[in-house]
Amino acid sequence: MKRRQAAVVFNDIQGYTSLMQENEDYAIQLRQRHKEVVDRLTSEHKGTIIQYYGDGTLSIFDRAIDAVQCALNMQKEFSQAPQIPLRIGINAGDILLGPDGIYGDSVNIASRIERMSVPGSVLISDRVVEELRSIGGIETKDLGQFELKNVRQPMGIHAVVSDGIRVPDPVELAGKIGYKEKTLLVLPLYNLSQDPENDFFADGITEQIIYALSAIEGLRVTSRTSSFTFKDKQVNLRQLHQDLGIDHVLEGSVRRHGKKVRITAQLINAADDFHLWSETYNREVSDVFQLQDEIALMIATKLKAGFQQSPARALPVAREEQSSQAEVYEHYHRGRYYWKQMQPGYIDQAIHYFRKALETDMDFYQAWPALARAYAFKGYHNMALPSDAARQCLEAVEEAHRLSPDHSRTHSSWALYHLFFSWDWEAVARHLRQAGTHKEQDNFILFNSVLQAGGIYHISAGYFETALGQLRKALKMDPLNLAIQMEMTRAFHFSGDFRKALETSDQIIKMRPDFLPVYEARGWILFSMGRQREGIESFEHFRSHSTLPIAGLAGLAYSYARTLQTKQAEEIKDMMVSVAQDLPSYSPHYDLALAHLGAQEYQEMFAQLQLALEARIPILIYIDVNPVWNEIKRFNEYRLLKEDIFGQNQRLPL
């Protein structure tokens, strides 16, 4: 069996069995014409027919653009007399090619798309659209999200737009498979209280509503991270509909005064800004947990009626926060509030409030995995000594395990600990798999952290397509999540797709120009592309705008040395050493190794890498896939270093 990337095309003649019963000779004539045309056009567009089956074929192409052009030409030729009502479905991705056929999810998905297609159209998946977008010249129309049989996640289906090619109505496709998913964005409820400190209360209500709504079958709710991107901003609903495929928006406000609270909510059709309904709820704040559940359930029920759906089960409201003490709730949600901001110092602020919640109630489960995740990423981003971050992360994970060992959050926290600190790759894979089995039982929003961790694991192991597949799924639920987009940038960069990596980094900057870490990533991408001057400018932008004392140092030291600006490179290197002396939480060894690499001082570089290994600096998990290190792979010291990090066992995709 051989694994490869391919565009997979299924086509068949609709109604052929009935036609055989009515007019066998004519049916055989059409089938012969179908075979002749498909054989000729597949060959002309450099495709390979894998299988003939009855009245259809299965073929593969190296490039999605060739598959789509071939399909378009088929439909145009079959629209001429004698006409053939051909259905076509195309997907792209990993396949297993064996002596007796091809296998894999990509094949199954292409088959499902073809079965929901209509004669005269060319239907394609999100993956194909992404490949076409990088080439240009092909127009497509987004038909929405659909649930395909035996496919876990809803799939985005698109129609190719061209003269003479039919573009089906989404309702028509929904009727064929009995399902059309709607997408809802819950905007953060606006805090109308006089005290701005009540922001966290409004945010807590918003999150609980998101969890409740995600239980509605047939409704895809955009995750909280993307929702809170729009906090306190003017939102163009029509633009949201066009750019992100948002069908409906829920917005409203919270006014809290003493023990009373008033919540307003209104549902809006994003395509035309039409208000479907609005409600006002007045309650006593005697029990914030009960209040949140009650309001969320009422709105979810109202939405269910508005969408005219009948869930197969009752609408459960996730009781994520359970504590008898109100201050626990307040501290925890303040921590969540700061975590969502992704502003300088956000991790430390979040940790502060998670710990305050736990000081009041040590058995408050939800704060422990949140704390573990915060310490894990504090170490990952080199904001703490790895030994300190690892110890504190492990303590939090063990407490989460004590309270709820089988929860998906517990497993994903274990996975992060082993991924960043212990480098126990078998344990990483085991916990990610166990966390993944909960995605059907737990709220699907919780699964995003599993997908992000899985993406990081697969990037470090060099399984870039698998990583991108998981990160794309995460972005489906959370399209504006900066952390996930940063990992996608890394995956494109390390896989050698520098142009796509640069595009993704530029999209992040367009969305959040003040999100400074992306400028560092962009600098390394530009250097990989040979655009050294622009790369240095990006590193310098990061350095000059950030309040972090280590910001941009590694990139500047490397790039100055590579462009023979020796004096500047030495000054930056000395600055790293000085910062490390003044900042005990900074471990400089990996950054100093990059500085020596830039100057091609390999002996000093390996000495620093060995120190980084002993300190278990998390960024070392990428050393075998980061193209900046390619030039040292010829050294025996590198092979020994790699073995110490990854061991001798092969890391397999999940």
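The values are calculated or read from the model by the stated rules, or taken from the named source; none is laboratory data. All of these numbers come straight from a predicted model, not from anything done at the bench. Glycine also receives a Cβ, built like all others from the backbone with ideal geometry; neighbour counts cover every protein chain displayed. Protein only, heavy atoms only, side chains kept; ligands, DNA and RNA dropped before computing areas. Shrake-Rupley method; radii C 1.70, N 1.55, O 1.52, S 1.80 Å.
Values computed for the structure shown
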| read-out | value |
| --- | --- |
| Where Gln600 falls short, out of the listed (1) open to solvent by 20 Å² or more (accessible area, probe 1.4 Å); (2) under 27 Å from Phe498 (Cα atoms); (3) part of a helix (DSSP H, G or I) | (3) |
| Criterion: closer than 18 Å to Ala595 by Cβ and open to solvent by 20 Å² or more (accessible area, probe 1.4 Å) - qualifying residue of Pro513, Pro479, Pro549, Pro517 | Pro549 |
| Residue match in the stretch 533-543 (condition: surrounded by 15 or more Cβ atoms within 10 Å (Cβ to Cβ), more than 22 Å from Met383 (Cβ to Cβ) and more than 29 Å from the chain's Cα centre (by Cα)) | no |
| Matching residues in the stretch 5-29 - criterion: being of a type outside the set (A, V, I, L, M, F, W, C) and either part of a helix (DSSP H, G or I) or modelled with pLDDT under 90 (or both) | Gln14, Gly15, Tyr16, Thr17, Ser18, Gln21, Glu22, Asn23, Glu24, Asp25, Tyr26, Gln29 |
| Pair list, Cβ < 9 Å and 6+ apart or interchain, from the stretch 254-277 residues that are acidic (Asp, Glu) to residues that are open to solvent by less than 40 Å² (accessible area, probe 1.4 Å) | Asp272/Leu237; Asp273/Leu237 |
| Scan of the stretch 112-163 for residues that are under 24 Å from Glu465 (Cβ atoms) and among the polar types (S, T, N, Q), ordered by number | Ser125, Ser134, Thr140, Gln145, Asn150, Gln153 |
| Boolean, Glu251 is under 28 Å from Tyr332 (Cα atoms), modelled with pLDDT under 75 and open to solvent by 40 Å² or more (accessible area, probe 1.4 Å) | no |
| Selection from the stretch 50-69 of residues that are in contact with an Asp or Glu (Cβ under 7 Å, 6 or more places away or on another chain) and outside any helix (DSSP H, G or I) | Asp55, Gly56 |
| Sole exception among (1) part of a helix (DSSP H, G or I); (2) out of contact with any strand residue (DSSP E or B) (no Cβ under 8 Å at 6 or more places or on another chain) for Gln83, by number | (1) |
| Members of the stretch 18-62 found to be open to solvent by 40 Å² or more (accessible area, probe 1.4 Å), charged (D, E, K, R) and over 35 Å from the mean Cα position of the chain (by Cα), listed by number | Glu22, Glu24, Asp25, Arg31, Arg33, Lys35, Glu36, Asp39, Arg40, Glu44 |
| 3 or more residues at pLDDT 80 or above and open to solvent by less than 40 Å² (accessible area, probe 1.4 Å): qualifying strands (runs of 3 or more DSSP E) within the stretch 123-234 | 123-125, 155-161, 182-186 |
| Residue count, the stretch 91-107 (criterion: part of a helix (DSSP H, G or I) and crowded, with 16+ Cβ neighbours inside 10 Å) | 2 |
| All positions within the stretch 63-90 that are under 28 Å from the mean Cα position of the chain (by Cα) and surrounded by 23 or more Cβ atoms within 10 Å (Cβ to Cβ) | Ala64, Ala67, Val68, Gly89, Ile90 |
